[in-house]
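In what follows, a structure is listed as structure tokens, so that the remarks can point back to it.
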Amino acid sequence: MDPDAKPKATNPARPTRPRRRFGALALVGAIALAAVLASLRVATLAQSAPLPRPAPVNGDRAFRYLEQICALGPRPAGSAANTRQRQLVAEHFRKHGGQVREQPFGAVDPLSGAKVAMVNLVGSWHPELNDRVVLGVHYDTRPFPDEEPDPKRRKDPFLGANDGASGVALLMEIAHHLPELATPRGVDLVLFDGEELVYDRVGEYFLGSKEFGRIYAEQNPRKFVYSAGLVLDMVADKNLRIEREPYSLDLAPDLVRDVWGVARRIKATAFKQKVGPAVQDDHLPLNNAGIPAIDIIDFDYEHWHTVDDLPKNCSGASLAQVGRVVTAWLAEPKPTPPRR
Ligand SMILES: [Zn+2]
């Protein structure tokens, strides 16, 4: 209350007591009315924007998945470890109620010219719903750590704990919660292969998400529509900082607003309002296929494409924070479709 509005009941210059009493009563009434109106207004606001409800994401368990994936060794496209990882995740998705399908496709190694068999993995929850969202991550790792500061180590094994395993580990954790999570839309968790079968500058990025987009765009008639896509990449940095990514802002601004809005409301402080560097990632092929999609990425990871992209530089708490935002966003009421 504004202190200037306090009743001046002790003012001796006003002799007419009844009027004073009436004035005081009116003031008390006005204050009470204001309080009722204020509570109604709060109730109305609460009705229009209920608090987000994140799933009880378990950061320790998510981190154990990250370690389990890294224990398979480097997982570039076409490798045996890449296949083992996909099988492990497929089994995990099924165990938690997902319907699993694969999208096999062929590619070529840009250095040797050898054929490389690639496979995207799709796990679907609520497959009967025609309005769907996709959460996508790449599961292949870069063949070599070509940003390694020590040139002698640029052909060493690259484990990709953050750049590769983090997204997969988070999807595995999210899978635990999907049977219980009240989502108005169907959810597809997708592992893209061949995101970076790239040797230094040689090779083509995003083969898996391009294939995924091609299959989706060519579906005719279409059984379902993806109304949104979130790409999760490098989400386990100990010093997590997720800034708004410029392509995402350009291509799917409503989605950026909604996800960062949820992050703000649940105080997920790693999500920054600042606009970060533009990053080409798997969200671009999704947008090209007509799926509004954004990239949730921490691009200032100091061990990016180096031999030190290891579990010890990752954090379960970071995974949990992103998982809370993503599950809370999934559980939000359906956004009203944009006017055309
Ligand atoms: Zn990478």
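Given Thr141, Thr183, which one is in contact with a helix residue (DSSP H, G or I) (Cβ under 6 Å, 6 or more places away or on another chain) and closer than 19 Å to Pro311 by Cβ? Even if it seems obvious, please write down each step before you answer.
Working: Thr183 fails: closer than 19 Å to Pro311 by Cβ.
Of the residues listed, the single one that is in contact with a helix residue (DSSP H, G or I) (Cβ under 6 Å, 6 or more places away or on another chain) and closer than 19 Å to Pro311 by Cβ is Thr141.
If you go through the stretch 43-97 one residue at a time, how many are among the hydroxyl-bearing types (Ser, Thr, Tyr) and at pLDDT below 95?
First pass over the stretch 43-97, keeping only residues among the hydroxyl-bearing types (Ser, Thr, Tyr): 44, 48, 65, 79, 83.
This time we only want the ones that are at pLDDT below 95, so: 44, 48.
Count: 2.
Output yes when any residue across the stretch 221-232 is on the phi > 0 side of the Ramachandran plot, crowded, with 24+ Cβ neighbours inside 10 Å and within 16 Å of the ligand (Cβ to nearest atom), and no when none is. Full working, then the answer.
Applying the first criterion (on the phi > 0 side of the Ramachandran plot) to the stretch 221-232 yields none.
Taking every residue of the stretch 221-232 in turn, none turns out to be on the phi > 0 side of the Ramachandran plot, crowded, with 24+ Cβ neighbours inside 10 Å and within 16 Å of the ligand (Cβ to nearest atom).
With a cut-off of at least 1 residues that are of a type in the set (Asp, Glu), name the strands (runs of 3 or more DSSP E) lying wholly within the stretch 68-151.
99-108, 131-138
Count, please, the residues in the stretch 90-119 that happen to be more than 12 Å from Leu197 (Cα to Cα), in contact (Cβ under 8 Å) with a residue 60 or more places away in the chain and in contact with a Pro (Cβ under 8 Å, 6 or more places away or on another chain).
3
For residues that are among the small types (Gly, Ala, Ser) and not in a loop (DSSP other than H, G, I, E, B), scanning just the stretch 169-188, find the one that is nearest to the ligand (Cβ to nearest atom). Before you say what the answer is, go through the steps one by one.
So in the stretch 169-188, the residues among the small types (Gly, Ala, Ser) come out as 169, 175, 182, 186.
Filter once more, keeping what is not in a loop (DSSP other than H, G, I, E, B): 169, 175, 186.
Numbers: Ala169: 16, Ala175: 23, Gly186: 29 Å.
Top of the filtered list is Ala169.
If the Cβ limit is 9 Å and pairs must be 6+ apart or interchain, which residue in the stretch 138-156 that is among the hydrophobic types (A, V, I, L, M, F, W, C) pairs with which residue that is near the ligand (Cβ under 10 Å from one of its atoms) and part of a loop (DSSP other than H, G, I, E, B)?
Qualifying pairs under 9 Å: Phe144/Phe158; Phe144/His305.
Do you know which of the residues in the stretch 256-276 that are within 12 Å of the chain's Cα centre (by Cα) and not small (Gly, Ala, Ser) is surrounded by the fewest Cβ atoms within 10 Å (Cβ to Cβ)?
Applying the filter and picking the extreme gives Asp258.
If Pro221 passes every condition in (1) modelled with pLDDT under 95; (2) part of a helix (DSSP H, G or I); (3) not basic (Lys, Arg) but one, which one does it miss?
Among (1) modelled with pLDDT under 95; (2) part of a helix (DSSP H, G or I); (3) not basic (Lys, Arg), Pro221 violates only (2).
Return yes when Pro127 is of a type outside the set (D, E, K, R) and farther than 20 Å from Leu171 by Cβ and no when it is not. Outline the logic, then answer.
Values: of a type outside the set (D, E, K, R): yes; farther than 20 Å from Leu171 by Cβ: no.
No; evaluated as a whole, the condition is false for this residue.
Can you tell me which residue in the stretch 132-168 is farthest from the ligand (Cβ to nearest atom), limited to those that are farther than 30 Å from Ile294 by Cβ and among the basic types (Lys, Arg)? I'd like the intermediate steps shown before the answer.
Kept after step one, since they are farther than 30 Å from Ile294 by Cβ, are these residues of the stretch 132-168: 149-157.
Subset that is among the basic types (Lys, Arg): 152-155.
On the way: Lys152: 21, Arg153: 17, Arg154: 14, Lys155: 16 Å.
Applying the filter and picking the extreme gives Lys152.
How many of the residues in the stretch 211-222 are out of contact with any Pro (no Cβ under 9 Å at 6 or more places or on another chain), under 19 Å from Leu121 (Cβ atoms) and in contact (Cβ under 8 Å) with a residue 12 or more places away in the chain? Quick ask: steps written out before the conclusion?
First pass over the stretch 211-222, keeping only residues out of contact with any Pro (no Cβ under 9 Å at 6 or more places or on another chain): 215-222.
Now narrow it down to the ones that are under 19 Å from Leu121 (Cβ atoms): 215-216, 219.
Applying the additional criterion that residues be in contact (Cβ under 8 Å) with a residue 12 or more places away in the chain yields 215-216.
Residues meeting the conditions: 2.
So which of Val231, Val279 ends up being of a type in the set (Val, Ile, Thr), closer than 17 Å to Gly167 by Cα and more than 14 Å from the chain's Cα centre (by Cα)? Show your work before the answer.
Working: Val231 fails: more than 14 Å from the chain's Cα centre (by Cα).
From the options Val231, Val279, the qualifying one is Val279.
Could you give every pair whose Cβ atoms fall below 6 Å, whose first residue belongs to the stretch 193-206 and is at pLDDT 95 or above, and whose second residue is more than 12 Å from the ligand (Cβ to nearest atom) and part of a strand (DSSP E or B), counting only separations of at least 6 or pairs across chains?
Hits for this filter: Asp193/Met118; Asp193/Val119; Asp193/Asn120; Gly194/Ala107; Gly194/Met118.
Counting residues that are free of Cβ contacts under 8 Å to residues at least 12 places away in the same chain, which helices (runs of 4 or more DSSP H) fully inside the stretch 229-334 reach at least 2? Outline the logic, then answer.
Details: elements: 246-251, 253-265, 283-288, 316-330.
Hits in the stretch 229-334: 253-265.
On the given criteria, is Leu284 over 28 Å from Gly316 (Cβ atoms) and surrounded by fewer than 22 Cβ atoms within 10 Å (Cβ to Cβ)? Full working, then the answer.
Values: over 28 Å from Gly316 (Cβ atoms): yes; surrounded by fewer than 22 Cβ atoms within 10 Å (Cβ to Cβ): yes.
Here the answer is yes, as Leu284 does meet what is asked.
The values are calculated or read from the model by the stated rules, or taken from the named source; none is laboratory data. Just so it is clear, the structure is predicted and the values come from calculations on it, not from any experiment. Using ideal geometry, Cβ is built from the backbone for each residue, glycine included, and neighbour counts are taken over all protein chains shown.
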